[in-house]
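First up is the structure itself, then whatever we jot down about it.
Throughout, read-outs are computed from the coordinates displayed, never taken from laboratory work. Small disclaimer: the values here were computed from a predicted structure and weren't measured.
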Amino acid sequence: MRRAVIVSKAVLTVMGTWLVLVLVIALPALLPERWEYYMISPASVVLWMLSMLVGPVVVCWKLRSWIRTVPGDPPRPDS
């Protein structure tokens with residue numbers, strides 16, 4: 001059960017990161033048309049795609065203490 005909780009927290013973290021990144025790339029569509037090319041340029045799309053790969057790793061590393069804690073377990077000495 002402990003492993004399932006940890007895996008589900010990690011999956012939730014990755015999905016949440018991807019959701020935020022998808023919203024970031026979709027929001028410029030609400031801007032006027034002449035701004036869209038500058039906001040969604042090929043370079044920014046490449047950086048966005050790179051952040052889709054690197055972002056979840058960074059977020060999981062940053063939230064690693066929350067991910068490995070399971071309700072009901074005794075407190076860990078390194079937390």
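Just to confirm the number: angle between the C-alpha axis of helix 2-26 and the first principal axis of the chain, 0 to 90 degrees, nearest 10?
10
How tilted is helix 42-62 with respect to the longest principal axis of the chain? Cα atoms for both, answer in degrees (0 to 90, nearest 10).
10
If one puts a single equal scatterer on every Cα of region 2-68 and applies the Debye formula without solvent, what log₁₀ I(q)/I(0) results at q = 0.12, 0.26, 0.29 Å⁻¹?
Results for region 2-68 at q = 0.12, 0.26, 0.29 Å⁻¹ read -0.41, -1.06, -1.19.
When only Cα pairs under 8 Å and 6 or more residues apart are kept, what is the percent relative contact order across region 8-70?
Relative contact order for region 8-70 comes out at 53 percent.
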